[in-house]
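Derivation of every value follows stated rules applied to the coordinates shown; laboratory data play no part. As the structure is a computational prediction, the values presented were derived from the model and not from experiment. With ideal geometry, Cβ positions are generated from the backbone for all residues, glycine too; neighbour counts draw on all protein chains shown.
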Amino acid sequence: MKICIGGDLDGQKVDKDVYSFMASEIDETKTSEYFTQSYILEDKTYKFWINVDMDFHDASNIVEKMLRGR
């Protein structure tokens with residue numbers, strides 16, 4: 001999936017094969033920083049970009065709602 005959670009790119013899909021990136025790499029006017037996080041639901045693994053300034057628990061709750069709503 002690789003959807004951004006929080007920050008300047010919230011909700012946007014970003015397909016990068018790195019551990020972390022700066023939003024300015026996508027849009028030079030943005031300043032957020034993201035790291036990749038994997039989540040496992042049943043037998044599938046999903047990857048998301050989590051904003052470094054966001055509380056990890058809050059981000060995980062958002063991801064869980066997204067995955068369970070599928």
Under 8 Å for C-alpha pairs, at least 6 residues apart: give me the relative contact order for region 3-68, rounded to a whole percent.
31 percent
Range of Cα positions in the chain per principal axis (Å), largest first
37, 23, 18
Which net charge results for the neighbourhood of Asn51, defined as the other residues with beta-carbon distances under 9 angstrom from its beta-carbon, given Lys and Arg at +1 and Asp and Glu at -1?
-4
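Considering only DSSP states other than H, G, I, E and B, which chymotrypsin sites (Phe, Trp or Tyr not before Pro) in the chain qualify as loop sites with at most 14 other Cβ atoms within 10 Å?
Those satisfying the criteria are Tyr19.
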Show which lysines lie in cross-link reach of Lys16 when reach means a straight Cα distance below 16 angstrom and same-chain residues fewer than eight apart are skipped.
Lys2, Lys47
Around Ile26, with a cut-off of 15 angstrom between Cβ atoms, what is the net charge of the other residues, counting Lys and Arg +1 and Asp and Glu -1?
-4
For the chain, what is the percent of antiparallel DSSP beta bridges, rounded to the nearest 5?
80 percent
Crossing angle, helix 56-68 versus the chain [Cα axis fit, 0-90 degrees, rounded to tens]:
60 degrees
J(HN,Hα) series, region 42-53, from Karplus relation 6.51 cos²θ - 1.76 cosθ + 1.60, nearest Hz, glycine and proline x
6, 10, 10, 10, 10, 10, 10, 9, 9, 5, 5, 8
